[in-house]
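The values are calculated or read from the model by the stated rules, or taken from the named source; none is laboratory data. This one's a predicted model, so the numbers in the text were calculated from it and none came from an experiment. We place every Cβ from the backbone using ideal geometry, glycine too, and count neighbours over all the protein chains shown.
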Amino acid sequence: MTVSTQPEYLTCLEAGDNVQLCLRNVSKVFSTKQGLFGTKKKEFVALENINLDIEYNTFVSIIGPSGCGKSTLLSIIAGLSSASGGSVMMNKEPIIGPGPDRGMVFQSYALMPWMTVEENIRFAVETVYPKMPINQQKRIVKEHLQMVGLTGASKKHPHELSGGMRQRVGIARALAINPDILLMDEPFGALDALTRGFLQEEIERIWEEHRKTVIMITHSIDEALLLSDKIIMMTKGPRAGIAQILDVPFPRPRNRFEVEDHPAYHDLKVAMEEHLYRETRAVEEARVNN
Ligand SMILES: Nc1ncnc2c1ncn2[C@@H]1O[C@H](COP(=O)(O)OP(=O)(O)OP(=O)(O)O)[C@@H](O)[C@H]1O
């Protein structure tokens, strides 16, 4: 066994030039107040010893049992939450907060309800590029509305849209700021199966066109297999870590029928099912025994 005595950020600096996002020994500890008056402090170690190299233009999915720490990991990468230990670097620079180089898509859409579809996207572009000429901003909004097939709904408000349409706005808004990495936290989790299938195909098509790095949390094995180049399988928490990273070898562009016929599909699916079953069972056993 080799034990590195270097500070974590140095090992990230030494990662290959193809590495866009580097995590070394990342941990996250939550402090919660307990007792009648909230005077007692208890520490909860959500993540421990997370090491990860994500290469440019890769589609990465994160799966793991419920509550293991997937969203916590994604919010550390987004800069919305800071790591308690270790190093998180993007393009060899430490991540110290949120930034326009990382676009975020949430399960709950997070749209401004008082703004139209067009205004929601425009607002993001204006905020990130305040000096950009208005015509250029308008062009970007138009292009992204087209990209997600919402040109006809540009003047509608979020409450007038279906869940699938709202998530299209969320995706257009995240991509309109031209991030280096797209972060998606269960983006299709609130959608019915059919709409979810359509949006997965849209994401596959958009990804083929733009090839940005994507990190997506999902609970769906089929979704992860359809879209990803790599699948990160997390262990249960507390002290959740990375059990294994699967390579998904299916050629692109992909469609779900061809993917399901690929010789590697069955083995990958079984590996993921077994992992999730094992970890979820361990969560349930821990719950019963506590
Ligand atoms: N702000 C917080 N304070 C204390 N504990 C927290 C906080 N945020 C998350 N946790 C705990 O950290 C663990 C990981 O939570 P997280 O939401 O990241 O899991 P997850 O894998 O995304 O869950 P799910 O699959 O259910 O969405 C959970 O045990 C959760 O209760």
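Yes/no matrix, rows are residues, columns are (1) among the β-branched types (Val, Ile, Thr); (2) buried (at least 21 other Cβ atoms within 10 Å of the Cβ); (3) within 16 Å of the ligand (Cβ to nearest atom):
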position	(1), (2), (3)
SER61	no, yes, yes
GLY67	no, no, yes
ILE76	yes, yes, yes
GLY79	no, no, yes
SER84	no, no, yes
VAL88	yes, yes, yes
ILE95	yes, yes, no
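Can you pull out the residues in the stretch 244-264 that are surrounded by 14 or more Cβ atoms within 10 Å (Cβ to Cβ) and over 17 Å from PHE59 (Cα atoms)?
Across the stretch 244-264, the qualifying residues are GLU260, HIS262, ALA264.
Can we say VAL45 is surrounded by fewer than 18 Cβ atoms within 10 Å (Cβ to Cβ) and either touching a Leu at 6+ places or on another chain (Cβ under 6 Å) or touching a residue at least 12 places away in the same chain (Cβ under 8 Å) (or both)?
Values: surrounded by fewer than 18 Cβ atoms within 10 Å (Cβ to Cβ): yes; either touching a Leu at 6+ places or on another chain (Cβ under 6 Å) or touching a residue at least 12 places away in the same chain (Cβ under 8 Å) (or both): yes.
In short, yes.
Might you check whether a residue that is part of a strand (DSSP E or B) and over 15 Å from ILE215 (Cβ atoms) occurs anywhere in the stretch 49-56? Can you show your working first?
Applying the first criterion (part of a strand (DSSP E or B)) to the stretch 49-56 yields 49-55.
Now restrict to residues that are over 15 Å from ILE215 (Cβ atoms): 49, 51.
Yes, that holds for at least one residue.
Within the stretch 5-54, count every residue that is out of contact with any helix residue (DSSP H, G or I) (no Cβ under 7 Å at 6 or more places or on another chain), within 15 Å of the ligand (Cβ to nearest atom) and of a type in the set (Gly, Ala, Ser).
3
Hey, any hits in the stretch 192-201 for a residue that's closer than 18 Å to LYS70 by Cβ and aromatic (Phe, Trp, Tyr)?
No, the stretch 192-201 contains no residue that is closer than 18 Å to LYS70 by Cβ and aromatic (Phe, Trp, Tyr).
In the stretch 124-163, what count of residues is obtained for those that are among the small types (Gly, Ala, Ser), surrounded by 12 or more Cβ atoms within 10 Å (Cβ to Cβ) and part of a helix (DSSP H, G or I)?
So the answer is 3.
Among the residues of the stretch 166-208, which ones are farther than 12 Å from GLY103 by Cβ, in contact with a Lys or Arg (Cβ under 8 Å, 6 or more places away or on another chain) and either surrounded by 22 or more Cβ atoms within 10 Å (Cβ to Cβ) or among the hydrophobic types (A, V, I, L, M, F, W, C) (or both)?
PHE188, LEU199
Taking the options SER87, SER71, SER61, SER31, name whichever one is modelled with pLDDT of 95 or more, assigned to a strand (DSSP E or B) and not hydrophobic (A, V, I, L, M, F, W, C).
Details: SER87 fails: modelled with pLDDT of 95 or more; SER71 fails: assigned to a strand (DSSP E or B); SER31 fails: modelled with pLDDT of 95 or more.
Result: SER61 is the single residue among SER87, SER71, SER61, SER31 that is modelled with pLDDT of 95 or more, assigned to a strand (DSSP E or B) and not hydrophobic (A, V, I, L, M, F, W, C).
Test ALA15 against the criterion of being within 30 Å of LEU161 (Cα to Cα), out of contact with any Ser or Thr (no Cβ under 7 Å at 6 or more places or on another chain) and of a type outside the set (Lys, Arg), and give yes or no.
Judged against the criteria, ALA15 is not a match.
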